[in-house]
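Enquirer: Input: one structure, supplied below.
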Amino acid sequence: MTRAEILNLLVLIESVYTNFVTKDEMVLFWFKIGPYLDCEKVLGKVRSHIRKSPYPPSVEDLIDFSGEMLMPSLSYAAGERAFRGNMKDSLSAWMCEYSIR
């Protein structure tokens, strides 16, 4: 998933679930694992969740950590490292890139 696809995903969830607020930590988490995920599979899970539940989805609802949602070109080990890795991305870098000026 690209950053634009991730932001579209989070905006979709926020627009459907009015009590869902995207926090900076969540955006950074998605930016870190997004490149390892298949966008169509994640969006399929979001659509399915929206039809079934009146509550916002958790990360576990959208990502299958068994590895089936990883991009086919990546190994499971690479995806697992991304999921378990620490988040050293700076918040200020994200805010500079996506802030409204």
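The values are calculated or read from the model by the stated rules, or taken from the named source; none is laboratory data. For clarity, every value in this text was computed on a predicted model and none was experimentally measured. Because the Cβ atoms are built from the backbone with ideal geometry, glycine has one as well, and the counts that use them run over all protein chains shown.
Enquirer: Looking only at the stretch 12-34, which residues are without any contact (Cβ under 8 Å) to a residue 24 or more places away in the chain, within 13 Å of Val59 (Cβ to Cβ) and not in a loop (DSSP other than H, G, I, E, B)?
Expert: Selection gives Met26 alone.
Enquirer: Moving to a separate point now. Mind checking which residues of the stretch 7-20 are β-branched (Val, Ile, Thr) and more than 12 Å from Val46 (Cβ to Cβ)?
Expert: Across the stretch 7-20, the qualifying residue is only Thr18.
Enquirer: Please find, within the stretch 13-61, the residue that is nearest to Thr2 (Cα to Cα) out of those that are under 12 Å from the mean Cα position of the chain (by Cα) and small (Gly, Ala, Ser).
Expert: Gly34
Enquirer: Same structure again: Filter the stretch 35-55 down to the residues that are in a helix (DSSP H, G or I) and hydroxyl-bearing (Ser, Thr, Tyr), then identify the one that is surrounded by the most Cβ atoms within 10 Å (Cβ to Cβ).
Expert: Here the answer is Tyr36.
Enquirer: From the list Leu74, Leu70, Leu12, exactly one residue is surrounded by 15 or more Cβ atoms within 10 Å (Cβ to Cβ) and modelled with pLDDT of 55 or more. Which is it?
Expert: Leu70
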